[in-house]
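The values are calculated or read from the model by the stated rules, or taken from the named source; none is laboratory data. Keep in mind it's a predicted model, so treat the numbers as computed, not measured. So basically every Cβ, Gly included, is an ideal-geometry build from the backbone, and we count neighbours across all protein chains shown. Heavy atoms of the whole protein, side chains included, go into the accessibility calculation; ligands, DNA and RNA do not. Shrake-Rupley method; radii C 1.70, N 1.55, O 1.52, S 1.80 Å.
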Number of protein chains: 2
Amino acid sequence: MTKELPAMTLKAIGVVRNKVRQAPKAGYDWWGIVSEIVVDSSLSDALANLDEFSHIIVLYWMHEAVVTGQMPAKVHPMGKRELPLVGLFASRSPCRPNPVGKATVRLMQRQGNILKVKGLDAVDGTPVIDIKPYIPGYDSVVNAGVPPWITKR
Amino acid sequence: MTKELPAMTLKAIGVVRNKVRQAPKAGYDWWGIVSEIVVDSSLSDALANLDEFSHIIVLYWMHEAVVTGQMPAKVHPMGKRELPLVGLFASRSPCRPNPVGKATVRLMQRQGNILKVKGLDAVDGTPVIDIKPYIPGYDSVVNAGVPPWITKR
């Protein structure tokens, strides 16, 4: 199936800068972590108006999770062995066929090509591939259903 | 800056199948559109437990929006000229440095490697690059702020 599809190559539009220098264990509390996203300066104009939104969606390349060998089909969520083994795509494990992370974060400030955000779960040096405004009517769901093991996180 | 970063190449994990054969105009109402995501059959086991979630996040490659020339730094949201010109990253325009779309959709059914979803804003044949469970505490924001022009959509 994949043979008929076009090549898909990403280019970094920026990089994450924060105090988290190496990947912490699963379950690390990222909510208080403040990061700077240093966007390529050629893209500054494209960031205009972004700070009219309180929150943004960041897509990033989880470069430390790139898997070279066989990928597990099932994982314990958050690496917790007391939780059931579930399908990889039913988890947020970074070890995925395409290690693209998606975070919804608070945009604290924009200064030129630098975005100050809170709660981004990405280590220092992570390549950023896209930034989108968070639009509740499009990005959020009222009364979404989740399995009971999610609440054990 | 980008020179020091690693190569990032995506592989399709599946493809969108629906009745929308060519890109409709901006503002098209996708909410009622039912699609099938046909995932590579080698990944069926990795889809286990996904249907314990009512909604999933789909990342996909907007192959019809790949820009070969110069990209505009500013756009009219939804292509509506009556709305202010805003920075590209403050919009959801598909014409972005990396044309990766992100949709939160209702998972109606899973049968083996086929996911039936509602509301996916991607045309027939769109390559899918990741599927994640929608987890409210992580993916949604209470009282997010948006600019007034968003409500004019």
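Observations on the structure shown:
- Matching entry among A:I114, A:I135 (being under 21 Å from B:D121 (Cβ atoms), at pLDDT 95 or above and of a type in the set (V, I, T)): A:I135
- Looking across segment A:80-95, just one residue is more than 15 Å from the chain's Cα centre (by Cα) and either within 14 Å of A:A65 (Cα to Cα) or of a type in the set (S, T, N, Q) (or both), and that is A:L88.
- B:P77 vs. criteria touching a strand residue (DSSP E or B) at 6+ places or on another chain (Cβ under 8 Å), open to solvent by less than 20 Å² (accessible area, probe 1.4 Å) and modelled with pLDDT under 95: yes
- Scoring A:M71 on the criteria (1) open to solvent by 10 Å² or more (accessible area, probe 1.4 Å); (2) more than 7 Å from every other protein chain (Cβ to nearest Cβ); (3) touching a residue at least 40 places away in the same chain (Cβ under 8 Å) leaves a single failure, condition (3).
- For segment A:92-103, taking the residues that are at the interface with chain B (Cβ under 7 Å from one of its Cβ atoms) and not aliphatic (A, V, I, L, M), the one that is nearest to B:S41 (Cα to Cα) is identified as A:P97.
- Filtered residues of segment A:26-48 (kept if in contact with a Leu (Cβ under 9 Å, 6 or more places away or on another chain), open to solvent by 50 Å² or more (accessible area, probe 1.4 Å) and facing chain B (nearest Cβ under 9 Å)): A:D45
- Residues of segment B:110-153 that are closer than 30 Å to A:P147 by Cβ and basic (K, R): B:R110, B:K116, B:K118, B:K132.
- Sole residue being at pLDDT below 95, in contact with a strand residue (DSSP E or B) (Cβ under 8 Å, 6 or more places away or on another chain) and over 27 Å from B:Q70 (Cβ atoms), chosen from A:H55, A:H63: A:H63
- Test: residue in segment A:3-25 that is open to solvent by less than 20 Å² (accessible area, probe 1.4 Å), touching a helix residue (DSSP H, G or I) at 6+ places or on another chain (Cβ under 8 Å) and basic (K, R): no
- Residue in segment A:133-149 that is farthest from the other protein chains (Cβ to nearest Cβ), counting only those that are farther than 29 Å from A:L115 by Cα and open to solvent by less than 20 Å² (accessible area, probe 1.4 Å): A:W149
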